[in-house]
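Here, each number is a calculation from the coordinates, and none is a lab measurement. Quick caveat, the model's predicted, so the values are computed rather than measured. Every residue, glycine among them, receives a Cβ derived from its backbone with ideal geometry; neighbour counts consider all protein chains shown.
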Ligand SMILES: C[S@@+](CC[C@H](N)C(=O)[O-])C[C@H]1O[C@@H](n2cnc3c(N)ncnc32)[C@H](O)[C@@H]1O
């Protein structure tokens, strides 16, 4: 164990240790931890490695490097997967009553992307909502996430009774099959969604998208990473297309990124 003196030395040591860890993780997994808010990420990972009996990120990386299960556990912890159907229902109402009718007025086949879809609740929610306007056969939704375990769960589409509590009864009957305590999404709804692994901080995006839903993902990113992401989202959208963000993720200067506010937490790409 390395004994450190003053708090400055301690901070300095931790920084270097963490920076080295960031570089190692990037090399091993392609994930760039430097684009996530540092204090938050460090706190989460420190409590994780201390539980494993490690005293530094270097020791922790050594363990991760040798044990796939620990690496998976690390990925699981760094990617917080909490999600819900109809998360913040008031916002989904705005999407249903205000945004979708406008988008559908000029185009009956929307290109929708759930970016950071976690375990699938969000893309299934938008699929159910769109089915109120257009037939399921006309729907195609892209749902992406960094975390393969979350994507596997999303593809299985099996949820507890508690997680489907916010799904309206009629939709629960129409789109889910109940088996014991669990609800499974029907094949016809699953078929409307393509699940794919994609790192928002490292990979190129699709184009000509009508609606991007990226909620409760950007809160974990640094200001620089968010800046780049807003620009990439803007480039991915059609003129008039919409970015729907989470209820703590307001963009304070949308014009800077080519957006105007259509409603709280909804940003429309400015038509040139
Ligand atoms: C809290 S969940 C949000 C789920 C859903 N959007 C919602 O609001 O309910 C955050 C998700 O972002 C994903 N994520 C984190 N970093 C990412 C990245 N660089 N690229 C893509 N997805 C990422 C995580 O894996 C996690 O599933």
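Here are the numbers:
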| read-out | value |
| --- | --- |
| Burial ordering of 76, 210, fewest other beta-carbon atoms within 10 Å first | 76, 210 |
| Where the Cα pairs of the chain fall when distances are cut into 5 Å bins, in % | 1, 5, 12, 15, 16, 14, 12, 10, 7, 4, 2, 1, 0, 0 |
| Proxy reagent accessibility, fewest Cβ within 10 Å first, across 117, 214 | 214, 117 |
| Alpha carbon centroid spacing (whole Å) that separates the range 186-221 from the range 72-118 | 9 |
| Relative contact order (percent, whole number), the range 89-269, Cα cutoff 8 Å, 6+ residue spacing | 21 |
| The range 210-272 - share of DSSP beta bridges that are antiparallel (%, nearest 5) | 65 |
| Footprinting exposure proxy for 252, 85 (fewest neighbouring C-beta atoms within 10 Å first) | 252, 85 |
| Degrees separating the helix 38-51 axis from the principal Cα axis of the chain, which is the longest one | 60 |
| Computed over the range 24-99: relative contact order in percent, which uses C-alpha pairs under 8 Å that are six or more apart | 21 |
